[in-house]
Structure formats: structure tokens, C-alpha cells
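The structure appears right after this line, and notes come after that.
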Amino acid sequence: QVQLVESGGGLVQAGGSLRLSCAASGRTFSRYAMGWFRQAPGKEREFVARIDWSGDSTYYGDAVKGRFAISRDNAKSTAYLQMNSLKPEDTAIYYCTTGASKYGSPWAPDWDYWGQGTQVTVSS
């Protein structure tokens, strides 16, 4: 059974940085894409970033381009989301996800497994 455990969330001031981690278990990590989504209160789940199985290709949502960076360490079965220049509008629960694809998708229904989420709060 695939399990995803996020960590690294917290409270940070606007302009600050956080790094989220997602530890995966239950299958061969290096064969599948990893992704990050977020959901703010009263809003739909929003695509943040995805990285392909090899780590060679990354894609970002428009709201975070140039500020966030997704990466992965296949030897540690862990994905990361480095978040810089944080803004109050980045406040949300951040979810790690994976699925059956090597490349991933910006659409939440295309992903099969989700972590429990980690809260990120950015104060102004």
C-alpha cells in the first residue's frame, strides 16, 4: 500500500521560505511522477508542481512559477517542494501526491495517492 507523509509546513512571514518533504513508501518510488497540490479554505484543490519519474522534467502552476521548486531524491524515496518569496495567498494545506503515470498531470483526479497534508501559513 502506497503511503505518503508530508512534513515541513508551518508559520512564516511574507517573503520567507519553507521546504516541504514527502516521504513515500509501498512501491518503487523512482518509477512514478510526484506532485504537489494545495487547498485553501473555501477553494478548490490547486495544482502547484509536478516532477517526472527521473527528475528531469518539472512543471509549475502559474501562481508559483519562479518562486517554488520541486525536486526528488529517488535514493531516499522523498520528494521536496522548496518555497521561496512566500506570500499570504500561498496559505493553504499542501498535499503530496503520486499515481500510475511517469509524467504526472496538473489535474487532481489523475492522481491516485495522497498524503494527509501539511499546513502552510504565511503572515503579512
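The values are calculated or read from the model by the stated rules, or taken from the named source; none is laboratory data. Owing to the predicted nature of the structure, the values given are computational and were not obtained by experimental measurement. A quick note on method: Cβ atoms are made from the backbone with ideal geometry, for glycine too, and the neighbour counts reach across all protein chains shown. Just the protein is used for accessible areas: all its heavy atoms, side chains included, with ligands, DNA and RNA removed. Shrake-Rupley method; radii C 1.70, N 1.55, O 1.52, S 1.80 Å.
Using a 7 Å offset from the Cα along the Cα-to-Cβ direction at both Glu46 and Ser124, what is the distance between the two label points in nm, to one decimal?
Modelled inter-label distance: 1.5 nm.
Using DSSP, restrict attention to beta bridges with both residues in the chain and report what percent are antiparallel, rounded to the nearest 5. Each step should come with its number before you reach the end.
On the way: 36 of 40 bridges.
DSSP beta bridges in the chain are roughly 90 percent antiparallel.
Give me the accessible area of Asp56, 1.4 Å probe, in Å² rounded to the nearest 10.
About 130 Å², ignoring ligands and nucleic acids.
Starting from 0 in steps of 10 Å, tell me what percent of the Cα-Cα pairs of the range 28-77 lands in each bin.
That works out to 26, 46, 24, 4, in percent per bin.
For the range 80-124, what log10 I(q)/I(0) values come out of the Debye formula at q = 0.14, 0.22, 0.31 1/Å, with one point per alpha carbon and no solvent?
-0.43, -0.86, -1.12
Taking every pair of alpha-carbon atoms in the range 1-102, what share in percent sits in each 10 Å bin, from 0 to the bin with the longest distance?
Final binned percentages: 16, 51, 28, 5.
Ala92: net charge of surrounding residues, Cβ under 15 Å, Lys/Arg +1, Asp/Glu -1, itself excluded? It would help to have the intermediate numbers written out before the result.
Working: positive: Arg38, Lys43, Arg45, Arg67, Lys87; negative: Glu6, Glu44, Glu46, Glu89, Asp90.
Combined, the nearby Lys, Arg, Asp and Glu give 0.
Using a 1.4 Å probe, what is the accessible area per residue for the chain, in Å²? Can you show the working numbers first?
Values: 6400 Å² over 124 residues.
In whole numbers, the chain has 52 Å² accessible per residue.
Give me the net charge for the shell around Lys43: Cβ to Cβ below 13 angstrom, other residues only, Lys and Arg +1, Asp and Glu -1.
On the way: positive: Arg38, Arg45; negative: Glu44, Glu46, Glu89, Asp90.
With Lys, Arg at +1 and Asp, Glu at -1, the net is -2.
On a 1.4 Å probe surface of the protein chains, which of Tyr94, Tyr60, Tyr113 comes out largest in accessible area, and what is the full order?
So the residues, ranked largest to smallest area, are Tyr113, Tyr60, Tyr94.
At 7 Å along the Cα-to-beta-carbon direction for both Ala14 and Tyr103, put a label point, then send me their distance in nm to one decimal.
3.9
Tell me the carbon and sulfur percent of the accessible area for the chain, rounded to whole percent, probe radius 1.4 Å. Kindly include the intermediate steps, with their values, before the conclusion.
Values: 3010 of 6400 Å².
Its accessible area is 47 percent carbon and sulfur atoms.
Using 0.36 nm per residue of separation minus the Cα-Cα distance, give me the extension gain between Ser71 and Glu89 in nm, one decimal. Mind dumping the intermediate values first?
Details: separation 18, 0.36 × 18 = 6.48 nm, distance 2.25 nm.
That works out to 4.2 nm of additional length.
Find the Cα radius of gyration of the range 45-105, compare it with 2.2 N^0.38 Å by division, and give the number to two decimals.
On the way: Rg = 11.8 Å, N = 61, 2.2 N^0.38 = 10.5 Å.
This ratio for the range 45-105 stands at 1.12.
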